[in-house]
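A short write-up of the structure that comes next.
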Number of protein chains: 4
Amino acid sequence: MIRAGIVGGTGYTGVELLRILALHTHVEVAVVTSRSDVGTRVDALYPSLRGAIDAVFSAPDVAALSNCDVVFFATPNGTAMLMAEQLLQQGIKVVDLSADFRLKNAEEWQHWYGIEHACPALLAEAVYGLPEINREAIKNARLVANPGCYPTAVQLGFLPLLEKGLVDPQHLIADVKSGVSGAGRKAELATLMSETGESFKAYAVAGHRHLPEITQGLELIAKQSVGLTFVPHLTPMIRGIHATLYARLNTDADDLQALFEQSYADEVFVDVLPANSHPDTRNVRGSNNCHISIHQPQGQDTVVVLSVIDNLVKGAAGQAIQNMNLMFGLPEQSGLSTVALYP
Amino acid sequence: MIRAGIVGGTGYTGVELLRILALHTHVEVAVVTSRSDVGTRVDALYPSLRGAIDAVFSAPDVAALSNCDVVFFATPNGTAMLMAEQLLQQGIKVVDLSADFRLKNAEEWQHWYGIEHACPALLAEAVYGLPEINREAIKNARLVANPGCYPTAVQLGFLPLLEKGLVDPQHLIADVKSGVSGAGRKAELATLMSETGESFKAYAVAGHRHLPEITQGLELIAKQSVGLTFVPHLTPMIRGIHATLYARLNTDADDLQALFEQSYADEVFVDVLPANSHPDTRNVRGSNNCHISIHQPQGQDTVVVLSVIDNLVKGAAGQAIQNMNLMFGLPEQSGLSTVALYP
Amino acid sequence: MIRAGIVGGTGYTGVELLRILALHTHVEVAVVTSRSDVGTRVDALYPSLRGAIDAVFSAPDVAALSNCDVVFFATPNGTAMLMAEQLLQQGIKVVDLSADFRLKNAEEWQHWYGIEHACPALLAEAVYGLPEINREAIKNARLVANPGCYPTAVQLGFLPLLEKGLVDPQHLIADVKSGVSGAGRKAELATLMSETGESFKAYAVAGHRHLPEITQGLELIAKQSVGLTFVPHLTPMIRGIHATLYARLNTDADDLQALFEQSYADEVFVDVLPANSHPDTRNVRGSNNCHISIHQPQGQDTVVVLSVIDNLVKGAAGQAIQNMNLMFGLPEQSGLSTVALYP
Amino acid sequence: MIRAGIVGGTGYTGVELLRILALHTHVEVAVVTSRSDVGTRVDALYPSLRGAIDAVFSAPDVAALSNCDVVFFATPNGTAMLMAEQLLQQGIKVVDLSADFRLKNAEEWQHWYGIEHACPALLAEAVYGLPEINREAIKNARLVANPGCYPTAVQLGFLPLLEKGLVDPQHLIADVKSGVSGAGRKAELATLMSETGESFKAYAVAGHRHLPEITQGLELIAKQSVGLTFVPHLTPMIRGIHATLYARLNTDADDLQALFEQSYADEVFVDVLPANSHPDTRNVRGSNNCHISIHQPQGQDTVVVLSVIDNLVKGAAGQAIQNMNLMFGLPEQSGLSTVALYP
């Protein structure tokens, strides 16, 4: 049994890790930390876990985590970078669900996250945990930077087009809609039901922290610089991300449907829907799947890719466990064979 | 492997059976019928099942079901009673999720359902499939009448009080709120999102079909006639039932918390929350659990029981599979150990 | 023109007062205060008011309010009681939408609200602002205590029954469901969309602050002590309250439909629906109406009253303006003739 | 008083016309037709209108409408074109909220709507009722083709850019999200709450009927052909449209904020928000306003315009009444000065 620790077990990604790991036959949840809830039973805070998780929150210190095999950070940005090095030195693998190790450039990280990076030395080593791109590196990684939710949906949607050089990389558009759980479990006016229910809006159009992460990823795929307009939106639902991606073809139309099907033929969690489909976020709710459709409306030179995930699963906890599976040589789907909850 | 057939696979209880059975290690889904979708892949209609169910809808005739070990009816009322006898004669067990075999009295059934009962001979044999009451009978049953969603939540909430004779059985009140999936997957004005979203209402106050079913069950528990005022409501969410139950104590207050905990101590799917809790439907969403709390506000003689379930799981498909597990001698939790999807 | 001041203009009742007063032809909004937003344009915080309200938040001090004719307190509990006396001394009428002046007994107020009452001398003078009961007193009042949202829906539903002495007053039950805007505009975990969306729960079953307010009101109507079990619930929508009321008839059934119709024949904002109706909260959304239905299921001795309001209108701001209209001799509907927003 | 008739009073645009007209001081609702509800009181079907509309549904024939001054068609496509000519001959003005007269080319209409146009002779005369573009023509029109909801939001967002020739007109992108009321009040599986709640999807990417309408409008503004990629989405809320528009600047960046402010300086219903704003659909819910913001992320050459309306008001009934006001020489805001319902 792999002994897993979860630092920051009181946010939505933390409880989602617990939901999935509770049924993972190769993992035992050994430690769950929460600075504010030390001594409280986990299922007292989260009655959804009653009968599934028999643990008590402990303080988030390295000692408590030292007999874990893997530690997941489900913390706000800025915490993992303070503790990762000590854990790695003890031979503990780390999967960071926060943004601390996602950008390779420490200065760029500081620019977007507003604080100095506490552990720039690990940025080079950290492996960006998008298995569909980095599978082999992840298998050998000590430290995985688990991608953001928007970056996962957007990169998986653009990947086949950029890899083949079929579209103009300078004018990519990602119009992305997220459920409100993406904002986390924090007492904030902006995500009250009275503020977000029955309403729709864009936000952070001037620049969202996921922009440099997406750009970095797309440039690695395209092997050149890319220009991306990224507009995130808040949609009145709890789970789900829907990315609507636009790019201009720079050649005559190939059979894009076939291209996408071939690109993802071996991927268990990326599912290219039949031609003319429209993926629906509910069909991946609670599952680790990404559903993708490709359209070329009116035969014009603008291609439209629709890519949907559950932001808390493939966009966070599910992907983290997929990464853990790879890091420990387990079957990639271990613990992740759940079926989406519909309706 | 148990070979299971599902008649009426295109409604919400049908697709929920498929979601759960897809991961049930002792069951193989052999046949899924749908009169209107013969020849269509199941996952074409329900993309949430892509990769999980590899089946094609077939016509709902007895021949096609004849090599099943168990057949689930997830049909509108009036269908199972036409087919059950033939299946039973072939040694196939039947779990009926519709209302056809829930009432013992054929005339009462006709009164509430508006058509003559086609198979009254089986009413006596049919076992009412609430395992917390009828477990032993279910184990030996050929034909199980799976309870309705409202009746499940209400009976489990009243059970300990009536069994012990602690409350006045003549003036029970069940104020119950259901998500809209309880109305089924039917093209109807009344359950459009524009009609039910952001709004709350009672309905069928004059008399709902679940009233005689609940009354019949409560009378068996109380071993006397009961008087019940049952008011169902529609609440703007998809899944979940919340029963708020009121009864008048006819003795001095016992320790009701202890009573409920003892009553359900051995039940894996009925979870009595700590004193002073308020169960939340989200904490059972997608799971087969029933969460219950007991209150006695201001120490008065009115006891309040709060009982929540997922109407499609413990209120339908999950309970049906729980019944199937009992009928086939499997562990009662087989395939039902999922954790609720929160948030 | 009546010059109106609003203290606490940044909560939901404050902005709702502004929405209605913006179109009230006899009122000019002279002052809107907010301690935290002094100097900010009101419509910068609330873009819904752009073009409708041309005002800037000022500090909440008595001097700034001194040339108002009426001041509305849309503040948290505990503020109005500090300022009301000074305003009244200047001849300014006060409508308090908080709970400060709702209870007649200062000790009971302290028990439920947890602080000592700063102005008990005014409790006797304050008129409870439920026009359907207190219309004449309101007309002559200097200080009106505007009822809570739950108390409005519950009292209007029980009124005809208790007035006529038709039901047992010792065992009343009010099972009430509220949209989340009733919790106010505060940064709190419990009312995040991820916490309240797609879920339903009861809360405060042990005792809610509106319980003594409702009881006080019902006892005045019944002219005797009453026993009330009050269970509030949170339903996943923004606006609306649905009260389902239960009482036991102590005489043979009268024509309850006619009784209610007669009781409210002259009330413009209380609308008794035709027999066998089920009021829907959406049909009063944004309006000052209360829709009521009466049922006697299966002809038993339990009567069921369904009473719905918009918690922010008839349950708060609309009723406050109705009271203001009465206090200033205006037609009671002035500014309140809006039609509910459906769908 | 203007005598208004409404043909097709049972859909969402019909009831929205009634909601607004009930308070319009210059209009009397003389006739409301519904083929299926002849003889029924309007407020029996729509209790939200109790006390506001005292009318009974009549059959939709020309005779019944002959003493109206104006007739609104809130009908499915294909009805207005059968009746408009006869009404116009009697001197009755017509505002058609369906699509019958929106396209100038009868063949294109037939291509998208699937039936032959019954009245092509009127297509040339019909004035496209977007007052911000066609105000003078509307004033003199006998027949106004009220724009679709998507076309209104998209055209108002692109207008200043295309008018000034600032963007490449060949590669416009409109990523638009609509609440489900846009699908109308029809018994359909696809818009059940269980199907659309808590989920997000694109639809009709291959081609939506509003595409030719938008293109026709944009070409008139741009005075040249345009290429538009239009992707409509369904978002889990009832009312509201949010258009996110993308275009490539073909000159160095002007002061786009100033441009938009100037373009709409005289428009009462188009409100350009301050720089760096993000309009929210809730802030126009129930009102006839369009809120617009302009962004140029990272100073790149892609401009992003955010344009929001209430699909049933500025996207349908409100705009129809704005057009009626113009046609009858009334102040353009008559009856339309409502404030959005927030929260």
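Readers should treat all values here as calculations from the given coordinates under stated rules, not as data from a laboratory. No experiment lies behind these values; they were computed from the predicted model shown. When we count neighbours, we look across all protein chains shown, and the Cβ atoms used for this are built from the backbone with ideal geometry, even at glycine.
Could you tell me which of rounded, prolate or oblate describes the range C:149-311, using a ≥ b ≥ c as the square roots of the eigenvalues of the alpha-carbon gyration tensor, with rounded for a/c under 1.5 and, failing that, prolate when a/b is larger than b/c and oblate otherwise? Prolate.
Ranking of D:ASP54, A:ASP175, D:ASP310 by neighbouring Cβ atoms within 10 Å, starting from the fewest: D:ASP54, A:ASP175, D:ASP310. Simple spin-label estimate for B:ALA63 and C:ASN276 gives 4.6 nm between the two label positions (7 Å along the Cα-to-Cβ direction from each Cα). Computed from the C-alpha gyration tensor, the three semi-axes of the ellipsoid equivalent to the range C:1-50 are 17, 12, 9 Å, from longest to shortest.
Extending 7 Å from Cα along the Cβ direction at A:GLN262 and again at C:LEU189 yields two label points whose distance is 5.1 nm. Taken over the range A:2-125, the ratio of Cα radius of gyration to 2.2 N^0.38 Å equals 1.07. Cα centroid separation, the range C:88-131 to the range C:53-72: 20 Å.
Dipole of the range B:99-232 computed with +1 at Lys/Arg Cβ and -1 at Asp/Glu Cβ about the Cα centre; of B:PHE230, B:PRO131, B:GLY182, farthest Cα towards the positive end is B:PRO131. Net charge dipole, the range B:149-310: roughly 620 debye, given to the nearest 20, about the Cα centre with Cβ charges of +1 for Lys and Arg and -1 for Asp and Glu. Springs join every pair of Cα atoms under 10 Å in this Gaussian network model of chain C, and among C:TYR264, C:TYR246, C:TYR46 the largest mean-square fluctuation is at C:TYR46. Working from label points 7 Å from Cα in the Cα-to-Cβ sense, the C:ALA121 to A:ALA124 distance is 7.8 nm.
Mind jotting down the distance between the C-alpha centroids of the range D:139-193 and the range C:165-180, whole Å? Rounded to whole Å, the Cα centres lie 48 Å apart. A:SER36 label point (Cα plus 7 Å toward Cβ) to equivalent points in the other copies: 1.6, 4.8, 5.0 nm, shortest first. Can you list the aspartates and glutamates whose alpha carbon sits under 20 Å from that of C:LYS164, skipping same-chain ones fewer than 8 residues off? Excluding near neighbours in sequence, the set is C:GLU132, C:GLU219, C:ASP252, C:ASP254, C:ASP255, C:GLU261, C:ASP266, C:GLU267, C:ASP271, C:ASP301.
For the residue pairs B:LYS186/D:LYS186; C:LYS104/C:LYS177; A:LYS201/D:LYS104; D:LYS104/D:LYS139; A:LYS104/A:LYS223, alpha carbon separations beyond 22 Å are given by C:LYS104/C:LYS177; A:LYS201/D:LYS104. With the label put 7 angstrom out from Cα along the Cα-to-Cβ vector, B:GLN300 ends up 1.9, 6.4, 6.6 nm from the copy partners, going from closest to farthest.
Across the identical copies, the 7 Å label point of D:ILE115, projected outward along Cα→Cβ, sits 3.4, 6.4, 6.6 nm from its counterparts, in ascending order.
In square nanometres, what is the average projected area of the Cα convex hull of chain C? In nm², the orientation-averaged hull projection of chain C is 16.8. Where the alpha-carbon atoms of the protein assembly as shown are placed on the principal axes, they occupy 83, 77, 64 Å, in descending order. With a Förster radius of 41 Å applied to the C-beta separation of B:HIS111 and B:GLU28, the computed FRET efficiency comes to 0.55. The residue of chain C whose Cβ sits closest to the rotation axis that maps C onto B, together with that distance in whole Å, is C:ASP175, 2.
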